[in-house]
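This report concerns only the one structure given below.
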Amino acid sequence: MDTAPPMPDDLATLWYLTRRVAGLMDRAGEALFQRELGISLAQFLVLSVVDARPGPMNQQQVADRLGLTKGTVSRQIDNAVSAGLMEVQPSPHSRRENTLTLTTAGTELVRRGDTAFHQARAAVLPPADPHDMHAALRVLAAVNDALDPTAPDVPPRQ
């Protein structure tokens, strides 16, 4: 039985559901990646962002893309380097920054994680009507842009 108080308007409902769904997705993702890969959700996200970019990235770009602090990303990079999943090299453009690339093991781990995610998603979430999904993405992207015009663009759908 739902005991949540009624929301006063659509924006409040959107805020509530966004926070709730994000928290539920974070907990489910944490459990999935710990169980399947032995790494945290934060570690997987950092690896995935570096994997998705054609060419090397720097720490600030990863932090900006994920909405995390540089310190949080730095810890995840250190863990990935120690585990042999990522390499850090001096940037050819600036002595003050490093570039990040995945090792073969890091790339393979991301592929395993992507497969585990897609299997878990298919088993847990109901299928969404593509038009509804596109509408939800448009609304969330518009809210994202309105609240933070400097945020990185949402990656295009494949």
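The values are calculated or read from the model by the stated rules, or taken from the named source; none is laboratory data. Model, not experiment: these values are computed from the prediction. Reconstructed Cβ throughout: ideal geometry from the backbone, glycine too, with neighbour counts over all protein chains shown. Side chains are part of the model used for accessible areas, which takes the heavy atoms of the whole protein and leaves out ligands, DNA and RNA. Shrake-Rupley method; radii C 1.70, N 1.55, O 1.52, S 1.80 Å.
Which one of Leu85, Gln60, Ser48 is farthest out on the positive end of the charge dipole of segment 47-94, using unit charges on Cβ (Lys, Arg +1; Asp, Glu -1) and the Cα centre as origin?
Positive-end residue among those listed: Gln60.
Given the C-alpha atoms of the chain, compute the convex hull and give its volume per residue in Å³. Please list the in-between numbers first.
Numbers: hull volume 24.3 nm³, N = 158.
Cα-based convex hull of the chain, divided per residue, equals 154 Å³.
If each residue of separation counts as 0.36 nm, what is the full-extension length gain between Ala28 and Asp148 once their alpha-carbon separation is subtracted?
Details: separation 120, 0.36 × 120 = 43.20 nm, distance 2.67 nm.
That works out to 40.5 nm of additional length.
Skip the ligands, DNA and RNA, and give the accessible area per residue of segment 1-135 with a 1.4 Å probe, whole Å². List each step's numbers first, then the result.
On the way: 9240 Å² over 135 residues.
Accessible area per residue, segment 1-135: 68 Å².
Starting from 0 in steps of 5 Å, tell me what percent of the Cα-Cα pairs of segment 59-129 lands in each bin.
Once binned at 5 Å, the Cα pair distances of segment 59-129 give 3, 15, 17, 20, 18, 11, 8, 5, 2, 1.
Does anyone have the angle between helix 10-37 and the longest principal axis of the chain? Alpha-carbon axes, 0 to 90°, nearest 10?
On a 0 to 90 degree scale, this one is about 40.
Could you calculate the contour length gain from Val88 to Gln60, that is, 0.36 nm times the residue separation minus the distance between their Cα atoms, to one decimal place in nm? Can you show the working numbers first?
Details: separation 28, 0.36 × 28 = 10.08 nm, distance 1.33 nm.
Gain on stretching Val88 to Gln60: 8.8 nm.
Can you give the accessible area of Leu17 in Å² (nearest 10), computed on protein heavy atoms with a 1.4 Å probe?
90 Å²
Gap in Å between the Cα centre of segment 62-115 and the Cα centre of segment 14-56?
So the two Cα centres are separated by 15 Å.
Tally up the carbon and sulfur contribution to the accessible surface of segment 61-119 as a whole percent, 1.4 Å probe, everything protein left in place.
Working: 1750 of 3750 Å².
Carbon and sulfur together cover 47 percent of it.
Can you work out the FRET efficiency for the pair Arg121 and Thr13, with r the C-beta to C-beta distance and R0 = 25 Å, to the nearest 0.05? Walk me through the intermediate numbers first.
Numbers: r = 24 Å, r/R0 = 0.96.
Calculated transfer efficiency: 0.55.
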